[in-house]
1. Can you go through Ala493, Ala483, Ala453, Ala479 and tell me which one is in contact with a Ser or Thr (Cβ under 7 Å, 6 or more places away or on another chain), crowded, with 22+ Cβ neighbours inside 10 Å and not charged (D, E, K, R)?
2. Keeping to segment 488-502, report how many residues are touching a residue at least 40 places away in the same chain (Cβ under 8 Å) and farther than 19 Å from Tyr335 by Cα.
3. What number goes with the only condition from (1) assigned to a loop (DSSP other than H, G, I, E, B); (2) in contact with a helix residue (DSSP H, G or I) (Cβ under 8 Å, 6 or more places away or on another chain) that Leu542 does not pass?
4. How many residues does segment 418-460 contain that are of a type in the set (Val, Ile, Thr), at pLDDT 85 or above and over 16 Å from Ile562 (Cα atoms)?
5. For Val84, all conditions in the list (1) over 29 Å from Val159 (Cβ atoms); (2) buried (at least 18 other Cβ atoms within 10 Å of the Cβ) hold save one; what is the number of the exception?
6. For segment 278-310, what are the residues that are small (Gly, Ala, Ser) and either at pLDDT 85 or above or under 23 Å from Phe76 (Cβ atoms) (or both)?
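The values are calculated or read from the model by the stated rules, or taken from the named source; none is laboratory data. A quick note: this is a predicted structure, and the numbers were derived from the prediction, not measured. Every residue, glycine as well, gets a Cβ built from its backbone with ideal geometry; the counts of neighbours run over all protein chains shown.
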Amino acid sequence: MINKRYLKYTLLLFTFGMTACSDFLDEVNHSSQSADKYYQTKGGYESLIVGCYSNLKNIYNTTTYQIFTQQGTDVFTQNYPTEVAAMNQYTTTYQSNNGTIYAMWSSYFNALNNVNAAIDRSKSVILKTDDPDGIEPSALAQLVAEAKALRAWYLFEIVRNWGQGPLKINESKEPSYTVEYSNGAAFYQQIFTDLEEAISVLPWRQTGSNYGRMSKAAAKHIRALVYLTRGYEEYADPKDFENAFKDAEDVYLNSGHKLLDDYAMVHRQSNEINDEIIFPIGFADGANYNTNIWNQWYMMPYAIGGWLGLGKDSYYGNASMHVEAIPTKFAYMMYDWQKDRRPSVTFMSPLNGNASTSTDGKDAGKNWFQCTTPVDGVFAKGDKIIYFPVPTDPEYKYWAETDKNGVRYKVFNYPMGDNTNWANDDYYKHAYQTTNATSRTCLPIWKFKDGNAEYREDESGSGTRDIYLFRLAETCLIAAEAAVMNNNDQANAEKYINYVVSRAEKHSPQSGLSRYSNVTIDNILDERAKELLGEGSRWNDLQRTGKLAERVLKYNWDVSNIYGGTIKTTLTQESFESKFKLRPIPLQWLNSLSNGHELGNNPGW
């Protein structure tokens with residue numbers, strides 16, 4: 001893992017008139033050296049690069065990222081049905097002054113400025129050829145390559161979400177109030193330049209103390225996704241899909257990364273450093289390192305729902321302010337629990353209720369919530385409070401109301417029937433659980449749970465698990481999608497999508513999970529959802545393929561039935577093409593510029 005002694009170092013840099021939060025210069029005394037002098041030293045420059053990695057947490061370990069990437073899709077919806085969620089439901093309240101949009105824009109550009117600083121300042125670093133205490137030229141070249149791979153990723157995040165913006169490739173040391181937009185084609189040109197330079201220097205894999213750094217495999221995975229995404233654009237190169245496939249296949253065949261035999265072992269906390277993980281965001285034990293909040297995502301806010309016997313407790317950890325997205329009915333029903341290993345790993349289940357097989361090494365993931373706060377004469381500690389029957393439960397059945405009335409605990413039936421209609425499903429009924437009228441009660445996602453997390457009153461993160469940003473299963477699905485789009489190359493599309501499906505069948509209760517033939521983009525999207533639920537940006541998958549309006553309107557009941565249909569969504573296939581395909585340029589940022597009005601916004605915004 002990247003040397004943790006540097007993780008407290010961050011940069012004091014300006015980006016578009018805003019400073020990045022930092023106590024770097026105050027916290028560390030560099031023998032009265034200026035920052036410029038310090039960054040010229042071997043140790044100083046190494047700390048600068050590690051600071052670039054720490055920015056990943058500021059982006060991806062936030063609730064805003066969860067909303068930004070999961071709400072408003074076919075597999076995730078809002079947790080609070082009594083509120084209008086603009087980004088989930090595409091209502092008229094979704095405007096260019098949206099706070100989530102501004103937060104993500106700011107985070108990407110702050111991170112971009114930091115990597116630009118690292119790249120620019122590399123020219124002044126003292127080399128070992130000039131000073132015994134200097135850095136080896138080859139080591140410096142690798143650090144710069146890592147920074148360029150990170151820059152390519154940040155630029156890609158910006159261009160795929162906003163389509164245009166300031167193409168910043170140098171450090172901004174002073175606030176800038178006048179900027180120019182660059183178009184998408186210019187962004188992609190810079191991205192490919194950075195990735196080519198990074199790939200030529202980086203090793204296939206980073207191991208030992210370097211685990212968690214950018215590698216050739218990570219850079220090629222990124223480039224495959226970049227080629228794939230540009231391939232759908234009007235300014236695409238005719239060979240984009242072909243090149244996307246080549247890069248993805250190269251990673252699969254030559255990087256040394258492997259699909260694990262068991263999907264459960266991919267997400268087993270005790271096995272988080274494994275051959276499938278191409279690029280993680282690292283966390284660890286100890287103050288300042290145990291800040292992961294993903295273990296709180298997609299949970300049920302059990303402690304604020306008015307549940308008798310369910311109090312705040314480290315047994316389940318925090319789960320309230322960070323639960324902004326829950327699975328749709330389609331997401332639950334897309335799995336075959338008997339023939340597919342993934343749902344038992346992904347959700348609360350008997351598998352996750354056994355400490356020897358669970359993702360977090362504890363037994364809290366069984367498919368029911370137990371009493372954490374005893375109630376005299378009603379519930380003893382450990383008693384069942386909320387029960388979620390799931391298809392792998394030996395006692396699984398549909399509970400009629402008479403059955404439910406015969407037990408003290410609440411039962412929430414697994415979704416059944418039409419996966420596009422949620423009107424009568426227990427998981428989505430308004431205030432069905434208790435007197436709490438704000439949140440829903442549904443089977444939680446468990447694959448991100450953390451055996452080391454604790455309950456904190458301020459709900460700050462306490463998780464130690466890594467975030468998987470890229471893993472090989474996604475690389476296979478990139479290859480499959482690229483093959484479909486490259487003259488409908490079914491041989492390769494079927495091969496790579498079925499690598500993922502074949503692994504999913506292993507260790508499941510039954511065999512016979514269907515393999516794909518004549519693969520379509522919808523098949524790819526279905527399989528990405530099953531394999532990567534909650535991991536990657538689902539919104540970008542639907543945006544890239546042009547399927548967002550079609551699949552959201554079909555599978556996200558909260559979009560097509562806002563307040564029972566009394567409020568209408570503005571999402572249509574036409575409005576997707578003319579507006580929602582790109583995020584709005586944040587009004588707050590435009591208003592901070594002297595030429596913001598001249599720059600204007602994206603179409604429709």
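1. Working: Ala493 fails: in contact with a Ser or Thr (Cβ under 7 Å, 6 or more places away or on another chain); Ala483 fails: in contact with a Ser or Thr (Cβ under 7 Å, 6 or more places away or on another chain); Ala479 fails: in contact with a Ser or Thr (Cβ under 7 Å, 6 or more places away or on another chain).
Ala453 is the lone residue from the list that is in contact with a Ser or Thr (Cβ under 7 Å, 6 or more places away or on another chain), crowded, with 22+ Cβ neighbours inside 10 Å and not charged (D, E, K, R).
2. Taking segment 488-502 as the starting set, the residues that turn out to be touching a residue at least 40 places away in the same chain (Cβ under 8 Å) are 489, 492, 496, 499-500.
From what is left, the residues that are farther than 19 Å from Tyr335 by Cα are 489, 492, 496.
Counting residues in segment 488-502 that are touching a residue at least 40 places away in the same chain (Cβ under 8 Å) and farther than 19 Å from Tyr335 by Cα gives 3.
3. Status for Leu542: all satisfied but (1).
4. So the first thing to find is which residues in segment 418-460 are of a type in the set (Val, Ile, Thr), and the list is 420, 434-435, 438, 441, 445.
The next check asks that each one be at pLDDT 85 or above; those that pass are 420, 441, 445.
Adding the requirement that they be over 16 Å from Ile562 (Cα atoms) leaves 441, 445.
Total satisfying the criteria: 2.
5. Going through (1) over 29 Å from Val159 (Cβ atoms); (2) buried (at least 18 other Cβ atoms within 10 Å of the Cβ) one by one, Val84 breaks only (2).
6. Initial filter on segment 278-310 (small (Gly, Ala, Ser)): 282, 284, 286-287, 303, 305-306, 309.
Correct list: Gly282, Ala284, Ala303, Gly305, Gly309.
Residues are listed down the side, and each one gets a yes or a no for (1) touching a Lys or Arg at 6+ places or on another chain (Cβ under 9 Å); (2) modelled with pLDDT of 50 or more; (3) aromatic (Phe, Trp, Tyr); (4) in the same structural domain as Ala331 (by TED's automatic domain parsing):
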{"position": "Thr10", "(1), (2), (3), (4)": "no, no, no, no"}
{"position": "Ala20", "(1), (2), (3), (4)": "no, no, no, no"}
{"position": "Ser31", "(1), (2), (3), (4)": "no, no, no, no"}
{"position": "Ala35", "(1), (2), (3), (4)": "no, yes, no, no"}
{"position": "Thr69", "(1), (2), (3), (4)": "yes, yes, no, no"}
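Residues checked against (1) more than 30 Å from Val378 (Cα to Cα); (2) out of contact with any helix residue (DSSP H, G or I) (no Cβ under 6 Å at 6 or more places or on another chain); (3) surrounded by fewer than 22 Cβ atoms within 10 Å (Cβ to Cβ):
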site: Gly231; (1), (2), (3): yes, no, yes
site: Pro238; (1), (2), (3): yes, yes, yes
site: Val251; (1), (2), (3): yes, no, no
site: Ile293; (1), (2), (3): yes, yes, no
site: Pro327; (1), (2), (3): yes, yes, no
